[in-house]
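To start, the structure itself, in structure tokens.
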Amino acid sequence: MSKRSIRAQFLAERKSRPLETCIGLSVEIQKRFLLSDLFREANCLALYSAIHNEVSTDTVSMRAIELGKTLVYPRVKGDALEFVEVLSPADLVPGAFGVLEPRGHKTVLVEKLDLIVVPGVVFDQCGHRLGYGRGFYDRTLAACRVDCVTTGFAYSFQLVETLPTLEHDKTLSVLMTESRTLNFIA
């Protein structure tokens, strides 16, 4: 199957799930993440704003703020993402593609991030992801430090054996679902 048809299939699958189911599974995924060394050790982390039944990051956001971690969210700037510090959920406003983005001006270079939670439509058992097809996160991940932990959040139904990949596609460090954690760091 082509990336486009895989993307369409999994977007439809995710959209068909009841909101209550997605909320419940999101809580489980975030709990797993909050109990991990990944979260505990990250001083500067990037989250995404969930749309269309994506795994929520709201609980992680609140906990990071409570602990005084540097928390950033992406904002679309041309064909790239810039990361802007967020001190409160009120700092997020509708932006590009209807996604909540930070309205502040305190940008943080991607090279300063310890951990990025990366959205995706479908993920595979090798650490590859398929996003919405615009390449924003592929370009961002290419600019990360080698030791930056790239983590995907996914519902179990978003996990497949393998995905078609291209040379520029980046492998995640970790994938967390409601039932397990897959570690791709060698």
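The values are calculated or read from the model by the stated rules, or taken from the named source; none is laboratory data. Small disclaimer: the values here were computed from a predicted structure and weren't measured. Using ideal geometry, Cβ is built from the backbone for each residue, glycine included, and neighbour counts are taken over all protein chains shown.
Give the residue that is farthest from L45 (Cα to Cα), with candidates limited to residues of the range 68-85 that are assigned to a strand (DSSP E or B) and of a type in the set (D, E).
The first filter runs over the range 68-85 and keeps only residues assigned to a strand (DSSP E or B), leaving 70-77, 80-85.
From what is left, the residues that are of a type in the set (D, E) are 82, 85.
Details: E82: 13, E85: 10 Å.
Among those that are assigned to a strand (DSSP E or B) and of a type in the set (D, E), it is E82.
In the range 130-146, which residue that is surrounded by 15 or more Cβ atoms within 10 Å (Cβ to Cβ) and within 17 Å of S5 (Cα to Cα) is modelled with the highest pLDDT? Ranking the qualifying residues of the range 130-146, first place goes to L130. Taking the range 132-147 as the range and being on the phi < 0 side of the Ramachandran plot, touching a residue at least 60 places away in the same chain (Cβ under 8 Å) and either assigned to a helix (DSSP H, G or I) or not hydroxyl-bearing (S, T, Y) (or both) as the test, the residues that pass are F136, R139, T140. Right, R63: of a type in the set (D, E, K, R) and in contact (Cβ under 8 Å) with a residue 40 or more places away in the chain or not? Taking the combined requirement at face value, the residue does not satisfy it. Give the residues of the range 148-186 that are hydrophobic (A, V, I, L, M, F, W, C), part of a strand (DSSP E or B) and either touching a Lys or Arg at 6+ places or on another chain (Cβ under 9 Å) or farther than 12 Å from I116 by Cα (or both), sorted by residue number. If the condition is that a residue be hydrophobic (A, V, I, L, M, F, W, C), part of a strand (DSSP E or B) and either touching a Lys or Arg at 6+ places or on another chain (Cβ under 9 Å) or farther than 12 Å from I116 by Cα (or both), then L159, V160, L175, M176, L182 are the ones that fit. Considering the range 111-131, the residues that are outside any loop (DSSP other than H, G, I, E, B) and under 14 Å from the mean Cα position of the chain (by Cα) include one that is farthest from E54 (Cα to Cα), namely L115.
Hey, among the residues in the range 86-100 that are touching a Pro at 6+ places or on another chain (Cβ under 7 Å) and in a strand (DSSP E or B), which one's nearest to H52 (Cα to Cα)? Once the filter is applied, the top-ranked residue is L100.
Can you name the residue in the range 110-129 that is under 20 Å from N183 (Cβ atoms) and aliphatic (A, V, I, L, M) and is also surrounded by the most Cβ atoms within 10 Å (Cβ to Cβ) among such residues? Before the answer, list the steps.
Taking the range 110-129 and keeping what is under 20 Å from N183 (Cβ atoms), we get 113-120, 122-129.
Right, trim to aliphatic (A, V, I, L, M) and you get 113, 115-118, 122.
Values: L113: 23, L115: 23, I116: 27, V117: 24, V118: 25, V122: 22.
Applying the filter and picking the extreme gives I116.
Among the listed residues L45, L34, identify the single one that is more than 23 Å from L130 (Cα to Cα), surrounded by 13 or more Cβ atoms within 10 Å (Cβ to Cβ) and either modelled with pLDDT of 95 or more or in contact with a Cys (Cβ under 9 Å, 6 or more places away or on another chain) (or both). Don't jump to the end; show me each part of the working.
Details: L45 fails: more than 23 Å from L130 (Cα to Cα).
The match here is L34.
Return the total of residues in the range 49-74 being closer than 14 Å to I23 by Cβ and small (G, A, S). Looking only at that region, the number is 2.
Scanning the range 149-166 for residues that are within 24 Å of S16 (Cβ to Cβ) and among the β-branched types (V, I, T), we see that the one that is surrounded by the fewest Cβ atoms within 10 Å (Cβ to Cβ) is T162.
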